Amino acid sequence: MRRILLVLALAGALARDARDAPPTSVLITGATGRTGRALYKHLKEDTSLAVRAFVTSAEKARTVLNCSACDASEGIYVGNVTQPATLAPAVAGVNLVAIAVGASVGMPTSLQKAIEFDGVQNTVAALASQPNADLSRMRVVFCSSMGTTQHDPPPPPREGGSLLFWKLQAEAFLLASGISSAVIKPCGLVDTPGGKRTLLVGHDDTLLSTSPPIVPRADVARLMARALIGTDADDRATLRFDLCSKAGPPTADLDALLRAAQYSWARPA
């Protein structure tokens with residue numbers, strides 16, 4: 001009986017500790033973009049998380065993120081990934097970052113590089129350079145793009161042109177950074193409801209043959225969230241994979257999908 005009482009007391013103490021523990025801080029860059037706002041909305045539903053948004057405009061944040069003060073008191077940080085100093089306040093105390101920022105295909109190549117490549121470098125450097133940073137507890141999930149196996153990607157409207165080159169460089173940097181990371185490379189993004197289609201994972205642009213090669217942003221956001229805040233080793237494995245979808249039964253088990261995204265030799269037995 002004494003042992004049972006001790007177990008119950010310990011369980012109660014652990015439960016109280018879990019309730020009293022401060023929420024985990026998560027930062028989303030590009031949070032007012034169409035994929036970023038879907039991810040922000042999804043993560044805000046998890047009460048164990050303190051979700052921060054890194055945005056270039058407080059006014060746009062007020063419109064699409066439904067903030068009031070739209071400042072740090074509400075987890076909204078205004079800055080630009082091309083300006084490293086503006087990232088420091090946003091990453092202070094943060095271990096988890098979702099990168100959903102992206103350049104426009106119509107921008108000059110120099111600006112594409114500044115956002116897609118330099119911006120990812122700046123974000124990761126700010127995260128890792130915090131005082132007393134513990135890289136072993138950090139995780140970054142990056143929304144990139146399919147199409148990067150092409151030597152000279154077609155320009156818009158067919159594909160992303162030079163944007164894809166800089167996304168590829170950002171992927172290589174992130175995976176070499178020493179921080180646990182996942183690179184999700186979606187096919188054509190569409191603004192349709194998530195949770196309605198069969199999600200497909202693969203590598204090396206083989207899914208570009210999917211007809212049509214589309215995936216809802218809401219599903220990309222769901223998978224980014226799961227890859228970011230997974231609780232076991234498989235959920236938080238270092239990953240780089242393509243993501244697309246097809247008509248069919250909705251994919252509900254995102255953990256199984258992330259395991260399938262690993263190369264066959266890396267999958268758990």
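Mind telling me which of Ala237, Ala252, Ala61 comes out most flexible in a GNM of the chain, alpha-carbon contacts under 10 Å?
Greatest mean-square fluctuation among the candidates belongs to Ala252.
Run through all the Cα pairs of the chain and give the fraction in each 10 Å bin from 0, expressed as whole percent.
The calculated distribution, bin by bin, is 7, 29, 35, 20, 6, 2, 1, 0.
Based solely on its DSSP helices, what 222 nm [θ] is calculated for the chain when runs of n ≥ 4 H residues each add -39,500 (n - 2.57) and the sum is averaged over all residues, nearest 500 deg cm²/dmol? Write down the numbers at each step before the final one.
Working: 9 runs with 94 residues, N = 269.
Mean residue ellipticity, 222 nm, calculated: -10500 deg cm²/dmol.
Please quote Rg/Rh for the range 30-169 to two decimal places, taking the Kirkwood radius as Rh and restricting both calculations to Cα atoms.
Dividing the radius of gyration by the Kirkwood radius yields 0.98.
I need to check one value: relative contact order of the range 22-266, counting alpha carbon pairs closer than 8 Å and at least 6 residues apart, in percent. Provide the component values of the computation, followed by the final result.
Working: 496 pairs, mean separation 43.0, N = 245.
Averaging sequence separation for qualifying contacts and normalising by length gives 18 percent for the range 22-266.
Please list, in order along the range 236-248, the HN-Hα scalar couplings obtained from phi with the Karplus expression 6.51 cos²θ - 1.76 cosθ + 1.60 (θ = phi - 60°), rounded to whole Hz, x for Gly and Pro.
Whole-Hz 3J(HN,Hα) from phi for the range 236-248: 9, 5, 6, 9, 8, 8, 8, 9, 9, 8, 8, 5, x.
Lone cysteines in the chain, defined as no other cysteine's Cβ under 4.7 Å from theirs: which are they?
Cys143
How compact is the range 79-141 by the rule of thumb for globular proteins, expressed as Cα Rg over 2.2 N^0.38 Å? The partial results should precede the final answer.
Values: Rg = 12.3 Å, N = 63, 2.2 N^0.38 = 10.6 Å.
In units of the globular-protein estimate, the range 79-141 measures up at 1.16.
Based on alpha-carbon atoms only, what is the radius of gyration of the range 135-269 relative to the globular estimate 2.2 N^0.38 Å? Provide the component values of the computation, followed by the final result.
On the way: Rg = 14.5 Å, N = 135, 2.2 N^0.38 = 14.2 Å.
Dividing the Cα Rg of the range 135-269 by 2.2 N^0.38 Å gives 1.02.
I want the local charge near Ile76. Using Cβ-Cβ distances under 13 Å, sum +1 for each Lys or Arg and -1 for each Asp or Glu among the other residues. Don't skip to the answer; put the middle values down first.
Values: positive: Arg37, Lys44, Arg52, Lys60, Arg62; negative: Glu59, Asp71, Glu74.
With Lys, Arg at +1 and Asp, Glu at -1, the net is +2.
Computed from the coordinates by the stated procedures, all read-outs in this text should not be read as laboratory data. These figures come from a predicted structure and were not determined experimentally. Positions of Cβ are backbone-derived with ideal geometry, glycine not excepted, and every protein chain shown enters the neighbour counts.
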